[in-house]
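**Q** Handing you a structure now.
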Amino acid sequence: MTSSFEALLPSTERALTHRIAVAQSEGRSPSFAAGLVREGTMAWFGSRTCVDGHAPDAGTQFRIGSITKVFTAVLVLRLRDEGLLGLDDPLEKHLKGTGVGEVTIAQLLGHTSGLAAETPSPWWERTPGTTRPELADVLGERPAVHPSGRLFHYSNPGYTLLGSLVEALRGVSWEEALRTEILEPLRLGRTTVSPVAPYAGGWAVHPWADVMMPEPSEDLGIMAPAGQLWSTVEDLCRFAAFLAEGDDRVLCRASVEEMRVPSAPPAAGDGEWGYGLGLQVWRSGGRTLIGHTGSLPGFVAGLWVSVEDGLAAVALANATSGPLTSAVAADLVRIVAEAEPRIPAPWRPLPEAEVDKELLALTGPWYWGTYAYGLRIGAGRSVTLEPLRGVGRRATFRALPEGGWIGLDGYYQGETLRVVRRPDGSVSHLDLGSFVFTREPYEQGDAVPGGVDEAGWRGL
């Protein structure tokens, strides 16, 4: 992502400015900063402040709280992609002696480990990390409050364990791994473990009076992977662009997309919320947003990406119970998506080198029983199978080197689609996870499981 602005319409810019002005005023935050990304480029920045002439700029640091967890998750996915761990591995395989080693790495990433939400007292966000120097101090005497793998239960200690896992497998500190593997490649030079001027101070605003007091800013120690980082609107906009597209220097597109897949149903009352592998998933206003929220004493933060719209937004404020930055960031995406909807790329035919006559012959209608489906081909020998009418199971499939295709989404995600041929080489049918798709519905002689009535089709 570049930092040069891709201009929005003046009316859109005014709507964005109005939204953050209302947020800062009604949320009673000393300062507020926000940015909008369109097609990978920062397209707008805005800020408000209670002190004339001292509004934060795009390079002013705020504390981002649990948005830190996304960075930690990326470090863990990198280890998986390098073959150093498996997501289904028990923690004990790589990090010994925690006492909760039976939980898997995927469960820790997706908050389905059953671990407690917080550490034992005192409140870890307002006390120094030296209060709990060891993992045993973070986990306490009763680390699990639910059976592992059964339900979503947000856990800050779980991400402390993941940070320690990174350190165990890399042989360096979590901070060093973060700097060399994510911050430097993505040019996030203003994202740091400790604040570096210029930065906003954290404040508590009195709930019933327009007065405030400073909040403590503690080094969280080994809890850092759960919420330590400071960052800026500009850096987080660049990070949001990475979460939309991936970057092979850090994490490939396929692995970033994997992070977005909900790992468990939302908890009761959470409605349209889900959680993937380090990313929150929110269905809001008819669009799917991926990203994360964050808070620590004195700060609240929100980062949301709408991949379909090519948009992302960041909102940062320096008040403990200040503006709802999560809702503001979502609103910024919505405002631009509605005022300046994404213009689709021109349709273009496939490159000549990708035109495969055998594959072309497979296009058109296929029948699963009497359900009509259509098969179309896309770039890179991919195919899409979708119902021609009514409700059905649609899926896109990626071509496999050894032949056939693997499902990428929907009911058939991970399932294999293959062509079955007759002895003479002609196509008999498609096999999709044992489901047979034929060219005609229940045609005599076709490979229909259970056979076809010899009398064929008939009237009443």
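The values are calculated or read from the model by the stated rules, or taken from the named source; none is laboratory data. From a predicted model like this one, the values you see are computed outputs, not experimental measurements. No Cβ is skipped: glycine too gets one built from the backbone with ideal geometry, and neighbour counts run over all protein chains shown.
**Q** Being modelled with pLDDT under 95, touching a Ser or Thr at 6+ places or on another chain (Cβ under 6 Å) and assigned by TED's automatic domain parsing to the domain that holds Thr119 narrows it down to one residue among Ala264, Ala226, Ala268; which is it?
**A** Criteria check complete, one pass: Ala264.
**Q** A further question follows. Could you grab me the full set of residues in the stretch 128-146 that are assigned to a loop (DSSP other than H, G, I, E, B) and either of a type in the set (Val, Ile, Thr) or within 22 Å of the chain's Cα centre (by Cα) (or both)?
**A** Val145
**Q** Looking at the stretch 3-27 only, could you name the residues that are hydroxyl-bearing (Ser, Thr, Tyr) and either touching a helix residue (DSSP H, G or I) at 6+ places or on another chain (Cβ under 9 Å) or at pLDDT 95 or above (or both)?
**A** Hits for the stretch 3-27 are Ser3, Ser11, Thr12, Thr17, Ser25.
**Q** Here's another thing I want to ask about it. Go through the residues of the stretch 183-195 one by one and say whether even a single one is crowded, with 21+ Cβ neighbours inside 10 Å, over 21 Å from the mean Cα position of the chain (by Cα) and among the basic types (Lys, Arg).
**A** yes
**Q** Do any residues in the stretch 2-15 that are of a type in the set (Asp, Glu) have Cβ atoms under 7 Å from those of residues that are modelled with pLDDT of 55 or more, where the two are at least six apart or on different chains, and which pairs are they?
**A** Short answer, once both residue conditions are applied: Glu6/Arg38; Glu6/Thr41; Glu6/Ala43; Glu13/Trp44.
**Q** Anything in the stretch 423-459 that is surrounded by 10 or more Cβ atoms within 10 Å (Cβ to Cβ), part of a loop (DSSP other than H, G, I, E, B) and polar (S, T, N, Q)? List them, or say none.
**A** Scanning the stretch 423-459 gives a single hit, Gln444.
**Q** Looking only at the stretch 87-115, which residues are among the hydrophobic types (A, V, I, L, M, F, W, C) and not in a helix (DSSP H, G or I)?
**A** If the condition is that a residue be among the hydrophobic types (A, V, I, L, M, F, W, C) and not in a helix (DSSP H, G or I), then Leu87, Leu95, Val100, Val103, Leu115 are the ones that fit.
**Q** Here's something else I'd like to know. Count, please, the residues in the stretch 405-422 that happen to be in a loop (DSSP other than H, G, I, E, B) and either in the same structural domain as Ser255 (by TED's automatic domain parsing) or more than 17 Å from Glu386 (Cα to Cα) (or both).
**A** Matching residues across the stretch 405-422 total 1.
**Q** Name the single residue that is surrounded by the most Cβ atoms within 10 Å (Cβ to Cβ) among those in the stretch 286-311 being over 18 Å from the mean Cα position of the chain (by Cα) and part of a loop (DSSP other than H, G, I, E, B).
**A** Restricting to residues being over 18 Å from the mean Cα position of the chain (by Cα) and part of a loop (DSSP other than H, G, I, E, B), the top hit is Gly298.
**Q** All but one of (1) in contact (Cβ under 8 Å) with a residue 24 or more places away in the chain; (2) crowded, with 17+ Cβ neighbours inside 10 Å hold for Pro133; which doesn't?
**A** The single condition Pro133 does not satisfy is (2).
**Q** Okay, moving on. Given (1) assigned to a strand (DSSP E or B); (2) in contact with an Asp or Glu (Cβ under 9 Å, 6 or more places away or on another chain); (3) over 29 Å from Arg132 (Cβ atoms), identify the lone condition not met by Gly274.
**A** Gly274 satisfies every listed condition except (2).
**Q** Additional query: Can you pull out the residues in the stretch 178-199 that are basic (Lys, Arg) and either modelled with pLDDT under 95 or in a loop (DSSP other than H, G, I, E, B) (or both)?
**A** Across the stretch 178-199, the qualifying residues are Arg187, Arg190.
**Q** Can you tell me which residue in the stretch 80-121 is farthest from Asp235 (Cα to Cα), limited to those that are surrounded by 23 or more Cβ atoms within 10 Å (Cβ to Cβ) and not polar (S, T, N, Q)?
**A** My answer is Val103.
**Q** Kindly check whether there is at least one residue in the stretch 63-72 that is in contact with an Asp or Glu (Cβ under 7 Å, 6 or more places away or on another chain) and either crowded, with 16+ Cβ neighbours inside 10 Å or at pLDDT 95 or above (or both).
**A** Within the stretch 63-72 (the criterion being in contact with an Asp or Glu (Cβ under 7 Å, 6 or more places away or on another chain) and either crowded, with 16+ Cβ neighbours inside 10 Å or at pLDDT 95 or above (or both)), the answer is no, since none of the residues qualifies.
**Q** Quick one: which of Val314, Val281, Val305 is aliphatic (A, V, I, L, M), within 25 Å of Arg342 (Cα to Cα) and out of contact with any Ser or Thr (no Cβ under 9 Å at 6 or more places or on another chain)?
**A** Matching residue, one of Val314, Val281, Val305: Val305.
**Q** When you scan the stretch 224-247, how many residues do you find that are more than 15 Å from Glu181 (Cβ to Cβ) and part of a helix (DSSP H, G or I)?
**A** Qualifying residue count, the stretch 224-247: 14.
**Q** Kindly indicate which of Glu118, Glu125 is within 26 Å of the chain's Cα centre (by Cα), among the charged types (D, E, K, R), in a helix (DSSP H, G or I) and within 26 Å of Asp219 (Cα to Cα).
**A** Selected residue: Glu125, the only one of Glu118, Glu125 that is within 26 Å of the chain's Cα centre (by Cα), among the charged types (D, E, K, R), in a helix (DSSP H, G or I) and within 26 Å of Asp219 (Cα to Cα).
**Q** Contact list please: Cβ distance under 9 Å, first residue in the stretch 46-69 and not assigned by TED's automatic domain parsing to the domain that holds Gly35, second residue crowded, with 22+ Cβ neighbours inside 10 Å and not in a loop (DSSP other than H, G, I, E, B), pairs at least six apart or on different chains.
**A** Filtered contacts from the stretch 46-69: no entries.
**Q** With respect to Trp282, determine if the residue is surrounded by fewer than 16 Cβ atoms within 10 Å (Cβ to Cβ) and either assigned to a strand (DSSP E or B) or of a type in the set (A, V, I, L, M, F, W, C) (or both).
**A** Criteria not met by Trp282.
**Q** Right, here's the next one. Exactly one condition in (1) in contact (Cβ under 8 Å) with a residue 12 or more places away in the chain; (2) under 30 Å from Gly322 (Cα atoms) is not met by Leu87; state its number.
**A** Leu87 satisfies all of (1) in contact (Cβ under 8 Å) with a residue 12 or more places away in the chain; (2) under 30 Å from Gly322 (Cα atoms) except (2).
**Q** Related question: Please tell me if Leu36 is under 30 Å from Leu135 (Cα atoms) and surrounded by 14 or more Cβ atoms within 10 Å (Cβ to Cβ).
**A** no
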